[in-house]
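Enquirer: Just passing along the structure, written as C-alpha cells.
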Amino acid sequence: MAPSRHTISIVAVVLLSLVLAGAVLTGPAMGADDVETDEEPPIAEPLQSSSGETTVIVELSGPTGSLGETPEESVATLKGHADVSQEPLVRFADARQGVTIERQFWISNAVLLTVDTERVPLSEVAAVEGVTAIEENSEVRALDAQATSPDTASTVPTPGALAQQETTGVDATYGLDMINAPETWAEFETQGEGVRVAVLDTGIDAEHPDLDLYTDDPDDPTYPGGWAEFDTEGNQIEDSEPYDAESHGTHVSGTVGGGNESGQHIGVSPGVELTHGGVITDCDEGGCVGYRSQVLGGMEWAVDNDADIMSLSLGGEDYIDEYATEVRNAEDAGVLVVAAAGNGEKGSSASPGNVYESFSVGAVNEDRNVPTFSSGEVVSKDDFDDPPSDWPDEWIVPDVTAPGEDTESTMPGGEYEPKSGTSMATPHVSGAAALMLSVNPELTPEETKQILADTATKPDGESEDTDTRYGDGIIDAQAATSVAATSEVEGTVTGQTTNEGIEGVTVTAVAGDDTVASTQTDENGDYALDVDESGTYELIFDAGFSSDTVSVETSYTDVTVEDITLDDQVTVDGTVTEGATDAVVEGATVTVDANDDEVTATTDEHGEYSIDAVFTAATTDATVGVTASGFEPDSDDVSIADTTAVTVDRALVGTASLTGTVTEAGTNAPIEDGTV
C-alpha cells in the first residue's frame with residue numbers, strides 16, 4: 001500500500017496543475033561570457049527544437065539547509081538567495097542581444113526569459129552559472145467537470161445529510177452540512193475570523209452580495225491587499241479592479257467564505273479575510289487558461305500579503321516535480337497549500353496536486369460517493385523527470401475528499417449556480433482549515449493537514465486504508481477543529497513579600513478527577529497551559545512551601561490570564577541547647593538556606609532565635625545550620641512543605657576536653673583503670 005502524505009500551507013487557490021520550479025547555486029558573480037560548460041543542465045524536450053522567440057522559465061538552485069526558524073526568516077532567506085544567485089543570469093541577459101528578463105521569482109528560484117533562439121541558443125543560457133533547468137512556461141487551467149455517475153451508486157441521501165438542518169437550525173448547502181461546518185460554528189463560536197485565505201483563480205465578482213473581499217482601504221476600488229491581477233509574465237497589473245474573467249473564481253471564493261444573503265449559507269468560513277489573485281484570466285468557450293509565471297506571481301503575492309492558506313483549484317495534466325519547490329517554500333513561509341487532485345477520473349492526477357508536498361483534494365457527491373470524474377491514483381516517483389531525492393517511491397492521491405458535485409455557490413452578477421469538479425471540493429477543505437486556524441493560530445501547515453486526514457471518515461463498507469478514491473476520507477470540519485482547538489491559560493506566580501516571580505511552581509489543570517495538563521513556572525514565574533477543551537478547570541499552584549487552588553473559565557478564542565500571589569515567607573524558630581546538660585546556648589549563629597540565599601540570626605540569652613526566610617523558587621525543604629564556639633557545627637534539612645512556620649530546636653555537642661590524674665588519698669599513688 002502506498003503511503004498517504006499530509007503537508008499544507010493556506011492560500012485559497014483551487015489547484016489542478018501548475019508548473020513551478022526553482023534552484024540556484026550561490027557563488028561569485030560572473031561576466032556575460034563566464035559560463036560553465038562542464039555539465040549542461042537539462043532543457044525541456046519541447047524546447048530543444050524551438051526556433052525564434054521563446055519564453056522559458058530558467059530554474060536555479062535553491063538555498064541549502066534550513067531557511068530559518070520563523071516564516072519571516074524563511075521568506076527573507078528565499079528573497080536574499082534569489083537576489084544573489086540570479087545575478088550571473090541577469091548579467092548574461094544584459095550582455096546578449098535576444099535575451100530579455102521578463103520576471104524574477106523567489107518563491108521558486110526562477111527567472112522568466114524571452115530568448116531569440118536564432119541569436120542565442122538555449123544551450124548557452126543553460127550553461128550560465130547556477131542554472132539547473134530550462135522549462136516551458138506551462139499552461140494551467142481552471143477545470144470544471146460535468147456531473148457524472150458515482151463509482152458506487154446510491155439512490156438515497158445518507159441519513160446524516162438529511163438531519164443536519166434539524167440539528168443545527170441553519171440552512172446551508174449540502175456540502176457545508178456534510179463536513180459539519182454549521183456545527184463547528186456553533187460549538188467553537190467562530191466562522192474563520194482572523195484567518196486570511198488567498199484564492200488564486202479566474203477572478204472574483206467583489207460586488208456579489210454574498211462575497212466580502214478583504215481590502216486595506218474601503219474607499220479604493222482596486223481593493224489593495226485583497227485583490228491582485230497578474231499578466232502573462234507574472235507581474236502584478238497596476239490599478240486593476242476586481243473582476244471575474246469567467247465564473248470559476250467567484251464560485252470557488254463563495255465556497256471558501258461566502259455568506260447567506262440568499263437565505264442559505266454557502267461558505268465554510270464566512271468570517272475569513274478573503275483575498276483573490278487573478279492568475280488564469282484568458283478565457284473563452286473552451287475554458288480559462290493561465291501560465292505558470294502567473295501562478296508564481298500569485299503565490300508570491302499571497303505569501304507577501306500574509307495569507308494563511310492558499311486554495312488552488314487549477315492545474316495541468318502532467319507530473320511536474322518543480323511544484324515541490326513552491327509548495328515547500330510556501331509551507332516554510334507558514335502558508336498551507338490546498339490543491340485539487342484533478343478531474344481526469346480514476347487512474348489519473350494533476351499537478352501540482354500530485355506532487356508529494358501538496359495536500360490534494362478529491363470530490364464526493366451528496367450521497368458521499370466519489371463521482372467518476374474525480375482523479376485518484378498511486379503516484380510513482382518515477383512518473384516525474386527530476387523528483388527530489390527525499391520523495392518516497394510512491395504515494396496516494398488524493399489525500400482527502402470533500403463535496404464537489406453540484407455544489408451551490410456564488411456566480412458573477414449576484415447569481416448562484418451549482419458546479420462540479422475537484423475545483424469545488426478544494427475550497428471546502430481550505431475553509432475547514434481556516435476554521436481550525438481561527439481557534440488555534442499556532443498550527444503549522446503540516447499539523448493542519450495531518451489533523452484533517454486523521455479526522456476524515458468514509459461511508460460504511462469502504463476500506464479503512466488510504467485509497468485512490470477517498471484518500472483518507474471525507475473531511476469533518478467539526479472533528480478536525482475539535483482536535484486543533486486548545487484553550488490556553490497563562491499567568492505569573494509572584495511572591496507576596498518580594499512581588500517577584502517564583503520559579504519552579506507546579507501548575508496543574510484539573511477537571512473533576514482528571515489531570516488535564518501540568519507545567520512549571522519559568523525563572524520569571526511565568527507559565528502557560530494548553531487544555532483540550534474550553535470550560536471550567538481547577539488550577540492548582542504548588543510551590544512546595546505554599547500552595548493555592550483557583551477556578552478558571554477558559555474559551556477557544558481568548559487566552560485566559562490567571563495571575564496568583566503565594567505567601568513566600570516561612571518563619572523558622574527554635575531553641576539551641578547543650579546536648580549533655582540541656583543548658584541553653586547563647587550567641588549561637590543559626591543559618592537558614594533559602595534557595596541559596598542564607599538568612600542568619602543569633603540566639604538570645606534564652607538560647608532562642610527566629611528567622612523570616614523568603615523563598616524565590618519552589619522547594620519543600622530548607623537547610624538549617626547552627627554554629628557556636630565550643631560546639632560541633634550542626635546542619636540538617638527540614639520540611640517546610642505547605643507551611644508558614646516551622647520550629648527547629650537543636651542540641652549541640654561540645655568540643656571541649658577535660659584532663660587530669662586520679663590518685664589514692666593519703667598516698668597520692670595513681671589509680672590505674674579507674675572509671676571517670
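The values are calculated or read from the model by the stated rules, or taken from the named source; none is laboratory data. From a predicted model like this one, the values you see are computed outputs, not experimental measurements. Ideal geometry is used to build each Cβ from the backbone, glycine not excepted, and the neighbour counts take in all protein chains shown. All accessible areas refer to the heavy atoms of the entire protein, side chains included, with ligands and DNA or RNA removed. Shrake-Rupley method; radii C 1.70, N 1.55, O 1.52, S 1.80 Å.
Enquirer: Residue by residue through region 446-490, note down the ones that are at positive phi and within 27 Å of the chain's Cα centre (by Cα).
Expert: Gly471, Gly473
Enquirer: With Ser438, Ser430, Ser420 as the choices, which residue is closer than 22 Å to Ser482 by Cα, among the hydroxyl-bearing types (Ser, Thr, Tyr) and open to solvent by less than 10 Å² (accessible area, probe 1.4 Å)?
Expert: So the residue among Ser438, Ser430, Ser420 that is closer than 22 Å to Ser482 by Cα, among the hydroxyl-bearing types (Ser, Thr, Tyr) and open to solvent by less than 10 Å² (accessible area, probe 1.4 Å) is Ser430.
Enquirer: Then there is this: For region 615-656, how many residues are part of a strand (DSSP E or B) and more than 30 Å from Thr549 (Cα to Cα)?
Expert: Summing the residues that are part of a strand (DSSP E or B) and more than 30 Å from Thr549 (Cα to Cα) in region 615-656 gives 11.
Enquirer: State all residues of region 190-236 that are touching a residue at least 40 places away in the same chain (Cβ under 8 Å), among the β-branched types (Val, Ile, Thr) and under 21 Å from Gly297 (Cα atoms); if no residue qualifies, say none.
Expert: If the condition is that a residue be touching a residue at least 40 places away in the same chain (Cβ under 8 Å), among the β-branched types (Val, Ile, Thr) and under 21 Å from Gly297 (Cα atoms), then Val197, Val199, Thr202, Ile204, Thr232 are the ones that fit.
Enquirer: Out of the residues in region 343-357 that are small (Gly, Ala, Ser) and part of a strand (DSSP E or B), state the one that is most open to solvent (accessible area, probe 1.4 Å).
Expert: Restricting to residues being small (Gly, Ala, Ser) and part of a strand (DSSP E or B), the top hit is Ser348.
Enquirer: I'm told Gly271 meets every condition in (1) modelled with pLDDT under 95; (2) of a type outside the set (Asp, Glu); (3) in contact with a Ser or Thr (Cβ under 8 Å, 6 or more places away or on another chain) except one. Can you identify the failing condition by its number?
Expert: Result: Gly271 fails condition (1) only.
Enquirer: Another one. Quick one: which of Glu446, Glu405 is under 27 Å from Gly259 (Cα atoms) and open to solvent by 10 Å² or more (accessible area, probe 1.4 Å)?
Expert: Answer to the selection: Glu405.
Enquirer: Next question. Evaluate region 30-42: report whether one residue or more is at pLDDT below 85 and not in a loop (DSSP other than H, G, I, E, B).
Expert: Checked region 30-42: at least one residue is at pLDDT below 85 and not in a loop (DSSP other than H, G, I, E, B).
Enquirer: So in region 179-219, with the set limited to residues that are modelled with pLDDT of 95 or more and among the aromatic types (Phe, Trp, Tyr), which one is surrounded by the most Cβ atoms within 10 Å (Cβ to Cβ)?
Expert: Among them, the one singled out is Trp185.
Enquirer: From the list Ser380, Ser389, Ser360, Ser463, exactly one residue is more than 30 Å from Thr554 (Cβ to Cβ), touching an Asp or Glu at 6+ places or on another chain (Cβ under 6 Å) and surrounded by fewer than 24 Cβ atoms within 10 Å (Cβ to Cβ). Which is it?
Expert: Among Ser380, Ser389, Ser360, Ser463, only Ser380 is more than 30 Å from Thr554 (Cβ to Cβ), touching an Asp or Glu at 6+ places or on another chain (Cβ under 6 Å) and surrounded by fewer than 24 Cβ atoms within 10 Å (Cβ to Cβ).
Enquirer: Suppose we filter Ala333, Ala340 for residues that are among the hydrophobic types (A, V, I, L, M, F, W, C) and either out of contact with any strand residue (DSSP E or B) (no Cβ under 9 Å at 6 or more places or on another chain) or open to solvent by 10 Å² or more (accessible area, probe 1.4 Å) (or both); which single one remains?
Expert: After applying the criteria, what remains is Ala333.
Enquirer: Among the residues that make up region 220-238, is at least one of them open to solvent by 30 Å² or more (accessible area, probe 1.4 Å) and among the hydrophobic types (A, V, I, L, M, F, W, C)?
Expert: yes
Enquirer: Of the residues Thr536, Thr619, Thr575, which is out of contact with any Asp or Glu (no Cβ under 8 Å at 6 or more places or on another chain) and of a type in the set (S, T, N, Q)?
Expert: Going through Thr536, Thr619, Thr575 in turn, the sole match is Thr619.
Enquirer: Please list, ordered by residue number, the strands (runs of 3 or more DSSP E) wholly in region 265-324 having 2 or more residues that are among the charged types (D, E, K, R), more than 27 Å from Val75 (Cα to Cα) and open to solvent by 10 Å² or more (accessible area, probe 1.4 Å).
Expert: By residue number, 282-284.
Enquirer: Scan region 596-614 for residues that are open to solvent by 30 Å² or more (accessible area, probe 1.4 Å), touching a residue at least 12 places away in the same chain (Cβ under 8 Å) and part of a loop (DSSP other than H, G, I, E, B) and jot them down.
Expert: Asp604, Glu605, His606 - these are the residues of region 596-614 that are open to solvent by 30 Å² or more (accessible area, probe 1.4 Å), touching a residue at least 12 places away in the same chain (Cβ under 8 Å) and part of a loop (DSSP other than H, G, I, E, B).
Enquirer: Here is a list: Asp558, Asp573, Asp593. Which entry is at pLDDT below 95, surrounded by fewer than 19 Cβ atoms within 10 Å (Cβ to Cβ) and in a strand (DSSP E or B)?
Expert: Asp593
Enquirer: Test Ala402 against the stated conditions and say whether it is modelled with pLDDT of 95 or more and assigned to a strand (DSSP E or B).
Expert: When the stated conditions are applied, Ala402 passes them.
Enquirer: If only one of Ser534, Ser546 is within 30 Å of Thr184 (Cβ to Cβ), touching a strand residue (DSSP E or B) at 6+ places or on another chain (Cβ under 8 Å), touching a residue at least 12 places away in the same chain (Cβ under 8 Å) and not aliphatic (A, V, I, L, M), which one is it?
Expert: Result of the check over Ser534, Ser546: Ser534.
Enquirer: Quick one: which residue in Glu246, Glu261 is over 23 Å from Leu67 (Cα atoms), touching a strand residue (DSSP E or B) at 6+ places or on another chain (Cβ under 6 Å), in contact (Cβ under 8 Å) with a residue 24 or more places away in the chain and not in a helix (DSSP H, G or I)?
Expert: Checking each option against the conditions leaves just Glu246.
Enquirer: Something else: Please work out which residue is farthest from Ser420 (Cα to Cα), limiting yourself to region 325-342 and to residues that are of a type in the set (Gly, Ala, Ser) and assigned to a strand (DSSP E or B).
Expert: Filtering first and then ranking leaves Ala339.
Enquirer: What do you reckon, is Ser375 under 26 Å from the mean Cα position of the chain (by Cα), open to solvent by less than 10 Å² (accessible area, probe 1.4 Å), among the hydroxyl-bearing types (Ser, Thr, Tyr) and within 26 Å of Tyr291 (Cβ to Cβ)?
Expert: Considered against the rule, which asks whether it is under 26 Å from the mean Cα position of the chain (by Cα), open to solvent by less than 10 Å² (accessible area, probe 1.4 Å), among the hydroxyl-bearing types (Ser, Thr, Tyr) and within 26 Å of Tyr291 (Cβ to Cβ), Ser375 comes out as no.
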